[in-house]
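Trainee: Have a look at this one before I ask anything.
The values are calculated or read from the model by the stated rules, or taken from the named source; none is laboratory data. Keep in mind that this is a model prediction, so the values were computed, not measured. A quick note on method: Cβ atoms are made from the backbone with ideal geometry, for glycine too, and the neighbour counts reach across all protein chains shown. Side chains included, ligands, DNA and RNA excluded: accessible areas come from the protein's heavy atoms. Shrake-Rupley method; radii C 1.70, N 1.55, O 1.52, S 1.80 Å.
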Amino acid sequence: MDGQLAALAEVARALDGAGIPYWLFGGWAVDFHVGSVTRAHDDVDIAVWLADVPRITDLLEDGGWRHAPEEDEDGGTGYERGGVRFELTYLVRDDDGRICIPLRNGLVSWREGTFGDDVAELGGTHARVIGLAALRQGKSMPRDDPGDAEKDRADFALLSAMSSEPRGGL
């Protein structure tokens, strides 16, 4: 897990330095909002604008990351280095200006207010995170997979105890 946090710190610095917006979501976003590592994570999930992917690819490859797409990926892709996996989820705007994930079968919109300017800190690492309300809402509806559903229930319990402001914001 320390490897994931160190990798996230490095990638966040590179993206911030290049002026490329990103938002941490999933389990690591829970940890950043809560202010402590709550469990082991399979990967690091970040949302990025699809238009920024060529620049992000260059930054990641310059940092030694290897493109590691999954066979069934849709709406994003993965990169790996040293046993750490980054999952990039692509963002676009629909005709009404809503932020969506572009999937093969159409656009899936995110909740309004998900992608703001929230920055949180964990173990000396600062990262942009999705909004707490959106994260809570996403975790309130457990996924079908029993293991994922268990993580979602635990995450939701932790997030429900939080105030509406991210910890360690800049």
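Trainee: For segment 1-29, enumerate the residues that are closer than 13 Å to Asp43 by Cα, assigned to a helix (DSSP H, G or I) and either open to solvent by less than 30 Å² (accessible area, probe 1.4 Å) or at pLDDT 90 or above (or both).
Mentor: Gly3, Gln4, Leu5, Ala6, Ala7, Leu8, Gly27, Trp28, Ala29
Trainee: Pairs, please: C-beta under 9 Å, at least 6 apart or cross-chain, first residue more than 13 Å from Gly138 (Cβ to Cβ) and β-branched (Val, Ile, Thr) and in segment 108-119, second open to solvent by 70 Å² or more (accessible area, probe 1.4 Å) and part of a loop (DSSP other than H, G, I, E, B)?
Mentor: Val119/Leu170
Trainee: So, of the residues in segment 30-67 that are under 13 Å from Val11 (Cα atoms) and assigned to a loop (DSSP other than H, G, I, E, B), which turns out to be most open to solvent (accessible area, probe 1.4 Å)?
Mentor: Gly64
Trainee: Give the residue, chosen from Gly168, Gly97, that is at positive phi, at pLDDT 95 or above and in a loop (DSSP other than H, G, I, E, B).
Mentor: After applying the criteria, what remains is Gly97.
Trainee: For Asp72, are the conditions met, namely being modelled with pLDDT under 95 and over 17 Å from the mean Cα position of the chain (by Cα)?
Mentor: Criteria met by Asp72.
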